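Enquirer: Handing you this structure, nothing more for now.
The values are calculated or read from the model by the stated rules, or taken from the named source; none is laboratory data. What you are looking at is a predicted structure, and each value in this text was computed from that prediction instead of being measured. Don't worry about glycine lacking a Cβ; one is built from the backbone with ideal geometry, like all the others, and counts go over all protein chains shown. For accessibility, only protein heavy atoms count, side chains too; no ligands or nucleic acids. Shrake-Rupley method; radii C 1.70, N 1.55, O 1.52, S 1.80 Å.
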Amino acid sequence: MDVGKIFAVGSRERMFQLKARRDAGLDSPRWQPPHYFTCKKCERRATRQTWAGTLYVCPNCGHHQPIGGYYRLSMVLDHGSFKELDADVQGENVLDFPGYDEKLDAQRAKTGLSDAVVTATGKVGGVPVVAAVLDSRFFMGSMGTAVGEKITRAVEFAAKKELPLIIFSASGGARMQEGIFSLMQMAKTSAAIQRFQAKGGLYISYLTHPTTGGVTASFASLGDITLAEPDALIGFAGPRVIEQTIGQKLPKGFQHAEYLLDHGFVDQVVPRGEMKATLTRILKLHTQGRKHGA
Amino acid sequence: MIKDILKEVEELDAAITAARDAALAADPADELMGNEHTAPDLEAMEARRDQLLNSCTELTAADRVFLARHQGRPRIDEYIDVLFTDFFEQRGDRQCREDPSILGGIARYKGLPVTVIGHRKGSNTEENLRYNFGMPGPEGYRKALRLMKQAEKFGRPIITFIDTPGAYPGKEAEERGQGEAIARNLAEMSGLTVPVISIVTGEGSSGGALGLGVANRILMLENAVYSVLSPEGFASILWKDSSRSGEACDIMKLTAHDLQQDGIVEEVIPEPLGGAQRDHKALFTALDAALERHLTQLCKLGGKALAEQRYKKYRQIGL
């Protein structure tokens, strides 16, 4: 084990690693009977330790399971570089939707998140970046006012500090319980991305399972570079709605990452194991070496 | 329910017209003979109709959803005809196809060249089908963007009319990037250096409405609605029961007055009693005045200031 990993960690990094371990289902400090997790596709059962060893990619069928926000950041960011942004921003019951407050509390208790996105600064392969991860365990990663605000602040922060931006999307779309305010977050986040890109900022959009609705129709589709995880469902309308509308069965693999690759909406489909190396390569291509005219 | 009131009002309207025609066509000899039986009837009917219409001042959100979808509401073609002159339609996205569910082109507004774009629904079943009920595919949004970028190039203000049940959820629409097309419009519209005014005229549902609606000013007709999703979709997602849409209407805060209170809509355009379908002319007069006022104000701002104002408008919505 890397000695630096034991001694060079501050309390911030320790907290982050604890959250990441919690997301990965490995948070108990004491011995416990094995905790099993079953692949959602092939139903292969294995212990959490086995799953964590493969980054929650099924050792049997290669299916990429959805994972939590901190856990994904721990896979991507260099050790010791994580620094969370706007951790205190929380959603509110803007429409006085009955029962929404209680549901928000329950989701917070269940996931340890304040809302459906974690934003942070850190380094990827030594390159400083701003990163945001939507977490599908919290209200299906849906975008309400808190997600819209945190994403926008992260984009504005990246613009101000002239840092590359990476957003990992996983979302059911706009959050219904916040009504029109959720819809307007699409315009707000897209406008922020537009400004950031007009200033020369690099935005890498990483689409993970599932990315749909209002998130697909806003920041997730605006990347300078768009990557996707294998087999991830990516689309605007959900497959059931489309089947009801057109009265036909959809072809196999419709709206999956590889399908989008074929139709020209994704640069590359990148397996989770190659995620960090791929991001590092792209970042270095943009930040190192001479520039034309420089 | 407004539906029942309107039904009765329409029956009375028909009866009144028929009675008037009968009176006009009546033999003058009848009058000399003292046969005036139609006259009191007419007055009573008119009184009843006015009483019914006056009860329409306090409408529920569900009533407004009904009115917003009324087949007799003015459509984009009519708005263009009445408010603008010299309309020149532009078609096609220059990539794939022409999407008729969005209508757009150049026109003059009181002499000033502007670009007009809007959802096209049609006013009868045949037209509804031809225009896909105002549900655009990605080509429609890309055509709209092409027209807007051109407007920016030539310094024309942009006026958009929003009336859609949502972007079309179809197989080809997905394959050609419905989400990407809307996202691109949101991003590009936010940075335009010409005035953008959006008018929500009927139902504005989801990203399909917003894709034409990132504006400096949003005007909304009194009985139009604007929401994250149709009330039916909302109810079916949250309660797995689309028949609870009435309940959804009350919660969603989708009426023009709600949205004005929330700071999303700048001005509510009053409609005639009983809805815009009853008197198009009265509506156009009110809308024309508001549009002219907002456009004059915006035309005083420079390109950078317009983009900045638009950014700020959306930046402060939410937390």
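Enquirer: Round to the nearest 0.05 the FRET efficiency obtained for residue A:60 and residue A:240 when R0 = 25 Å and r is the Cβ-Cβ distance.
Expert: Once rounded, the FRET efficiency stands at 0.35.
Enquirer: Gap in Å between the Cα centre of the stretch A:23-71 and the Cα centre of the stretch B:59-125?
Expert: 53 Å
Enquirer: Number of Lys pairs in the stretch A:1-134 with C-alpha atoms less than 22 angstrom apart, excluding same-chain neighbours closer than eight positions?
Expert: Taking the Cα cut-off of 22 Å, the pair count is 9.
Enquirer: What does the buried accessible surface come to for A and B, summed over both chains, with the probe at 1.4 Å? Round to 100 Å².
Expert: Approximately 4100 Å², summed over both chains.
Enquirer: Taking 7 Å along the Cα-to-C-beta vector as the label spot, tell me the residue A:250-residue A:281 distance in nanometres, rounded to one decimal.
Expert: Once both label points are built, they end up 3.0 nm from each other.
Enquirer: Counting only pairs 8 or more places apart or on different chains, how many lysine pairs in the stretch B:104-238 have C-alpha atoms closer than 23 Å?
Expert: Close lysine pairs found across the stretch B:104-238: 6.
Enquirer: Ignoring ligands, DNA and RNA, please state the percent of accessible area on the stretch B:176-319 from carbon and sulfur, probe 1.4 Å.
Expert: 50 percent
Enquirer: Work out the mean other chain Cβ neighbour count within 10 Å for the residues of A:256-265 and drop it here as an integer.
Expert: Mean partner shielding for this stretch: 2.
Enquirer: Return the average number of partner chain Cβ atoms within 10 angstrom of each residue Cβ along peptide B:87-93.
Expert: What the average comes to for B:87-93 is 0.
Enquirer: Compute the accessible area of each residue in the stretch B:135-181 twice, once for its chain alone and once with every protein chain present, using a 1.4 Å probe on heavy atoms, and list those whose area falls by at least 30 Å².
Expert: Relative to the lone chain, where solvent access is computed with a 1.4 Å probe, the stretch B:135-181 loses at least 30 Å² at B:168, B:169, B:171, B:174, B:175, B:179, B:180.
Enquirer: With a 1.4 Å probe and all protein chains kept in place, how do B:153, B:253 rank by accessible area, largest first?
Expert: B:153, B:253
Enquirer: If packing is taken as the average count of other Cβ atoms within 10 Å, what order do A:108-115, B:141-148 fall into, highest mean first?
Expert: Taking the mean over residues of other Cβ atoms within 10 Å, the ranking is B:141-148, A:108-115.
Enquirer: Further question on the same structure: I need the per residue convex hull volume for the protein assembly as shown, using only the alpha carbons, in cubic angstrom as a whole number.
Expert: Roughly 176 Å³ of hull volume per residue.
Enquirer: Still on this structure, I have one more. Where the centroid of each part is defined by its Cα atoms, how far is the stretch A:88-161 from the stretch A:197-223 in Å?
Expert: 15 Å
Enquirer: Heads up, I need the accessible area for residue B:239: 1.4 angstrom probe, whole protein in place, Å², nearest 10.
Expert: 60 Å²
Enquirer: Work out which residues of the stretch B:270-319 lose at minimum 40 square angstrom of accessible surface when the other protein chains are put back, relative to the chain isolated, with a 1.4 angstrom probe, and list them by number.
Expert: B:311, B:314, B:315, B:317, B:319
Enquirer: From a point 7 Å beyond the Cα of residue B:13 in the direction of its Cβ, which residues of the stretch B:243-280 have a backbone N at a distance under 19 Å?
Expert: Answer for this model: B:270-280.
Enquirer: Here's a follow-up. Given a 1.4 Å probe and heavy atoms of the protein chains only, how would you sort B:101, B:230, largest accessible area at the top?
Expert: Sorted by accessible area, descending: B:230, B:101.
Enquirer: Under a 1.4 Å probe, what is the accessible area of chain B per residue, stated in Å²?
Expert: In whole numbers, chain B has 42 Å² accessible per residue.
Enquirer: Here is a further query. Calculate, axis by axis, the spread of Cα positions in the stretch B:85-193 along the three principal axes, and write the results as whole Å, longest axis first.
Expert: That works out to 40, 32, 22 Å along the principal axes.
Enquirer: Could you sort B:301-310, B:110-119 so that the peptide with the highest average Cβ count within 10 Å comes first and the rest follow in order?
Expert: By packing density, highest mean first, the sequence is B:110-119, B:301-310.
Enquirer: Still on this structure, I have one more. Accessible area of chain A with a 1.4 Å probe: how many percent of it is carbon plus sulfur?
Expert: Heavy-atom surface of chain A belonging to carbon and sulfur, 1.4 Å probe: 51 percent.
Enquirer: If you check each cysteine of the protein assembly as shown for another cysteine whose beta-carbon is under 4.7 Å away, which ones come up empty?
Expert: So far as the 4.7 Å Cβ criterion goes, B:56, B:96, B:249, B:299 stand without a partner in the protein assembly as shown.
Enquirer: So, one more: Using the heavy atoms of the protein chains and a 1.4 angstrom probe, tell me the accessible area per residue for chain A in square angstrom.
Expert: Accessible area per residue: 45 Å².
Enquirer: Separate question: Summarise the partner chain shielding of A:217-229 as one whole number: the mean count of Cβ atoms from other chains within 10 Å of each residue's Cβ.
Expert: Other-chain Cβ atoms within 10 Å of each residue's Cβ, averaged: 4.
Enquirer: Now for a separate question. Would you please put B:3-13, B:204-214 in order of how densely packed they are, using the mean number of other Cβ atoms within 10 angstrom per residue and starting with the highest?
Expert: Going from most to least packed, we get B:204-214, B:3-13.
Enquirer: To the nearest 0.05, what FRET efficiency results for residue A:108 and residue A:45 with a Förster distance of 35 Å applied to their C-beta separation?
Expert: The value I calculate is 0.75.
Enquirer: List the residues of the stretch B:172-195 whose backbone N lies under 11 Å from a point placed 7 Å from the Cα of residue B:112 along the Cα-to-Cβ direction.
Expert: So the set is B:195.
Enquirer: A follow-up question, please. Keeping all protein chains in the complex and leaving out DNA, RNA and ligands, what accessible area do you get for residue A:171 with a 1.4 Å probe, in Å² to the nearest 10?
Expert: 0 Å²
Enquirer: In addition: Sorting A:78, B:86, A:224 by accessible area (1.4 Å probe), largest first, what list results?
Expert: Highest to lowest solvent-accessible surface, that is B:86, A:224, A:78.
Enquirer: In straight Cα distance, which aspartates and glutamates are under 19 Å from residue B:304, not counting same-chain residues fewer than 8 positions off?
Expert: Cα-Cα hits under 19 Å: A:156, B:152, B:188.
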